[in-house]
Ligand code: GLY
Ligand code: MN
Ligand code: MN
């Protein structure tokens, strides 16, 4: 976990932006049932964790910038020896004050009674509506309760403000400590991909590569940031393929999109390699083109350029290359205008990356693509997918290639967080041969 000082700084920054007469309310992620008595593995809400470092469910953060003392209040589960014996340790309100720099902490069971009192003197409520319908009701009930008591002198806030709007702009810019965690998530992921390349043999099942990757994530204290995609042959052309249960054949490629989550920060990496260790001529043609598109995109990833520049560069390179190969017919400029490339390249070239794999932050500001700035982290992930039956493209049927790396925008360009993972066909083949 990051130092508690960092979380305190974030709260301070948010409270400065909230101004006077305001309250912020932020609930923890709910527990989700997987099947019957079994819960999904608990993952704290990213906004909640970003503000607190507190990973337990059934908790609510309240921020009150106007208070002289007790600006940061946390409601959380009480200690309970019996529950802790069955389900695991809890910090309890006392532990929250001690370990998480909380000013005041109360049992979550007291929230309904205390929230109206805390809200009563506020004009504005910073709260993200629509993510957690049950909690939305609790907040609305609280406001309505105050309204009903207006003749008794109670005051209800008159304005709701989207909390995520402020928080997400903060989260978009990563601090040095966050970049360090992201480098660690990337490093663990790189090791997973390298090991998968090394052990891959025709006749193995896709899930064997997934297992190798998960082994590397778990043994390094990480989990997955999203379910791994391991698609060989025709499956390499299915963008969100996650069954991962087919046998991998000699002569096919396998596309692996897998990234670790380390201390709540994600990596997101894709590599595509030949199951038998040697790219065939058609596979290499597609691979080299996607690699050229990634290089072109990365060159555009620098401060002052806008968010869409890397994507435009990738599209330009891919379209020109597809014309040269004979996958598309026409002039590149016209094909780009008509989006003809989307037949084989149907997604965008990247997204913000952070605590969420598709991280928060606006891509447009005032209807214009956002300018790239130092500290933003994003993926660069061009691809080409040529499914079985594509007309005039038999040579490349069932070849899906994506190459995805993670970068941070620096003062004058970008730095790759996912260094150390083979990118060129020669590099990939060398690593596979060493396995
Ligand atoms: N792994 C999801 C993505 O690449 O966006
Ligand atoms: Mn991605
Ligand atoms: Mn990915």
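Coordinate-derived values only; no laboratory data. None of the values given here were measured: they were computed from a predicted structure. Using ideal geometry, Cβ is built from the backbone for each residue, glycine included, and neighbour counts are taken over all protein chains shown.
Label sites at residue 342 and residue 37, each approximated as a point 7 angstrom past Cα along Cα to Cβ, lie 5.0 nm apart. Decide, for the stretch 163-312, between rounded, prolate and oblate: order the square roots of the alpha carbon gyration tensor eigenvalues as a ≥ b ≥ c, take rounded if a/c falls under 1.5, and otherwise choose prolate if a/b is larger than b/c, else oblate. Here the stretch 163-312 falls in the oblate category. Spin-label model, residue 364 to residue 114: label points 7 Å out along the Cα-to-beta-carbon direction sit 4.3 nm apart. Placing a label point 7 Å from the Cα of residue 299 along the Cα-to-Cβ direction, the residues of the stretch 249-289 whose backbone N falls under 16 Å of that point are 289. A Förster radius of 30 Å combined with the Cβ-Cβ distance from residue 89 to residue 5 puts the calculated FRET efficiency at roughly 0.80.
Could you tell me the calculated FRET efficiency between residue 149 and residue 67, based on Cβ-Cβ distance and R0 = 30 angstrom, to the nearest 0.05?
Working: r = 22 Å, r/R0 = 0.73.
Using R0 = 30 Å, I get an efficiency of 0.85.
Test of understanding: ordering 180, 228, 236 by Cβ neighbours within 10 Å, fewest first, what list do you get?
Numbers: 180 14, 228 22, 236 26.
In order of increasing Cβ crowding within 10 Å: 180, 228, 236.
Calculated FRET efficiency, residue 82 and residue 218, Cβ-Cβ r, R0 41 Å, to nearest 0.05? Kindly include the intermediate steps, with their values, before the conclusion.
On the way: r = 30 Å, r/R0 = 0.73.
Given R0 = 41 Å and the Cβ-Cβ separation, E is 0.85.
Packing, as the average of other Cβ atoms within 10 Å across residues, places the peptides 351-357, 221-227 in the order 351-357, 221-227, highest first.
When the chain is treated as a Gaussian network with alpha carbon springs shorter than 10 Å, the biggest mean-square fluctuation among 105, 258, 339 belongs to 339.
Using a ≥ b ≥ c from the Cα gyration tensor of the stretch 121-218 (square roots of the eigenvalues), is it rounded, prolate or oblate, where a/c under 1.5 gives rounded and otherwise the larger of a/b and b/c decides, a/b for prolate? Before the final figure, lay out the partial values.
Numbers: a/c = 6.01, a/b = 2.83, b/c = 2.12.
Cα axes put the stretch 121-218 in the prolate bin.
The slack in the chain from residue 136 to residue 211, taken as 0.36 nm per residue of separation less the alpha-carbon distance, amounts to 23.1 nm. Here the stretch 102-131 is scanned for amide nitrogen atoms under 19 Å from the site 7 Å beyond the Cα of residue 21 along Cα-to-Cβ, giving 116-127. Per-residue ellipticity at 222 nm, computed for the chain from helices alone with -39500 (n - 2.57) per DSSP H run of at least four residues, works out to -11500 deg cm²/dmol. Rounded, prolate or oblate: pick one for the chain, where a ≥ b ≥ c are the square roots of the eigenvalues of its C-alpha gyration tensor, a/c under 1.5 means rounded, and failing that, prolate if a/b is larger than b/c, else oblate. Prolate is the answer for the chain, as a/c is 1.5 or above and a/b outweighs b/c.
Per-residue counts of other Cβ atoms within 10 Å, averaged by peptide: what ranking do you get for 393-399, 4-10, highest first?
Working: 393-399: 18.7, 4-10: 15.1.
Listed from highest to lowest mean packing, they are 393-399, 4-10.
Of the peptides 94-104, 146-156, the order by per-residue mean of other Cβ atoms within 10 Å, starting with the highest, comes out as 94-104, 146-156.
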